[in-house]
Amino acid sequence: MAVGMKSKTDEANSFYGYVQDTNIIGDANRVGTIWNTAEDGYYIAAHL
């Protein structure tokens, strides 16, 4: 979810490492917009 409010890094880090390749995007990574989240997802997927 990207709503531009508050970054939820603690919640995201609790899931980190369950699978081999874990990427944190959106508000879990940094406060931003939906555009930022979609862009992060695109670049991560492009570099798989």
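At pLDDT 80 or above and either in a loop (DSSP other than H, G, I, E, B) or in contact with a strand residue (DSSP E or B) (Cβ under 6 Å, 6 or more places away or on another chain) (or both): is that true of ASN23 in this structure? When the stated conditions are applied, ASN23 passes them. Scanning the stretch 21-48 for residues that are over 8 Å from the mean Cα position of the chain (by Cα) and among the acidic types (Asp, Glu) gives ASP21, GLU39. Yes or no: the stretch 3-18 includes at least one residue that is exposed (fewer than 12 other Cβ atoms within 10 Å of the Cβ), modelled with pLDDT of 80 or more, of a type outside the set (Gly, Ala, Ser) and not in a helix (DSSP H, G or I). Yes, the stretch 3-18 contains a residue that is exposed (fewer than 12 other Cβ atoms within 10 Å of the Cβ), modelled with pLDDT of 80 or more, of a type outside the set (Gly, Ala, Ser) and not in a helix (DSSP H, G or I). Taking the stretch 26-37 as the range and being assigned to a helix (DSSP H, G or I), in contact with a helix residue (DSSP H, G or I) (Cβ under 9 Å, 6 or more places away or on another chain) and not hydroxyl-bearing (Ser, Thr, Tyr) as the test, the residues that pass are GLY26, ASP27, ALA28, ILE34, ASN36.
The values are calculated or read from the model by the stated rules, or taken from the named source; none is laboratory data. Remember, it's a predicted structure, so these values are computed and weren't measured experimentally. Note that each Cβ is placed from the backbone with ideal geometry, even for glycine, and that neighbours are counted across all protein chains shown.
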